[in-house]
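Before any comments, here is the structure.
Read-outs throughout are calculated quantities, based only on the coordinates presented, and are distinct from any laboratory measurement. This is a predicted model, so every value here is computed, not measured. Backbone-built Cβ (ideal geometry, glycine too); neighbour counts: all protein chains shown.
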Amino acid sequence: MLCAVLAVGACGGDDDDDGVDISFGDEPPALGDHWHAAFGVNVCGEWLANAPEFHNAADDLSLQAGVHSHGDGLVHIHPFVSGEAGANATMGKFFEYGGWSAGADSFEVWDGAVHQSGDLCDGQAAVVSWTLNGEAQDGDITAHRLADGDVIALALIPEGDEVGRPPSAADLDAPSDLAPATSAPD
């Protein structure tokens with residue numbers, strides 16, 4: 001009976017309130033799902049180039065990243081292991097695998113600069129902010145759990161300025177890694 005209790009505990013997810021997710025990826029996005037989210041970074045009113053392409057974790061090149069970039073401005077979400085699925089499929093995982101960092105008041109991405117609240121944009125104090133599907137969000141972007149079709153923008157802009165919509169949002173309808181539909185021959 002002890003063995004059955006341990007097996008149920010291991011498969012049941014996090015029911016002991018310790019904050020550790022021990023699920024096996026059966027919660028969306030599940031192992032085998034293939035989702036996309038648009039993501040862009042706006043620094044002082046200018047969109048950075050898209051995140052560079054990566055398919056492996058920056059700190060462990062032997063680890064195939066199920067949350068990655070094709071360099072097309074989309075976050076590609078197709079979990080390979082439970083640590084990338086369900087509640088673990090976050091912007092934090094994208095940043096971690098890309099070798100970048102972000103928090104509520106600062107971020108460092110592929111441009112190599114540290115951007116933080118208090119920096120100046122054209123002589124005006126700027127703040128770190130982010131939006132999800134056009135709506136301003138509070139807190140740390142890395143905690144955001146990714147969903148298919150998300151449009152996410154991270155910014156360092158003067159307070160009150162609009163973050164804007166990432167240019168890559170237009171590419172959500174035809175992601176680069178999905179083959180276009182072809183018609184059957186007549």
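Worth pointing out:
- 15 Å reach of a label modelled at Arg145, 7 Å along Cα-to-Cβ, counting backbone N of segment 91-106: 91-93
- As a rough footprinting exposure proxy, the listed residues Val109, Val114 were ranked by other beta carbons within 10 Å of their own, and the order from fewest upward is Val114, Val109.
- More than 22 angstrom apart: percent of Cα pairs within segment 56-133: 32
- Simple spin-label estimate for Ser106 and Glu135 gives 3.0 nm between the two label positions (7 Å along the Cα-to-Cβ direction from each Cα).
- The rule of thumb for compact globular proteins, 2.2 N^0.38 Å, goes into the C-alpha radius of gyration of segment 24-167 1.02 times.
- Sorting Asp33, Asp59, Asp150 from the fewest to the most surrounding beta carbons within 10 angstrom yields Asp59, Asp33, Asp150.
- When each of Val151, Val75 is scored by the number of other beta-carbon atoms lying within 10 Å, the sequence from fewest to most is Val151, Val75.
- Estimated FRET transfer efficiency (Ala113, Leu31; beta-carbon r; R0 45 Å; 0.05): 0.80
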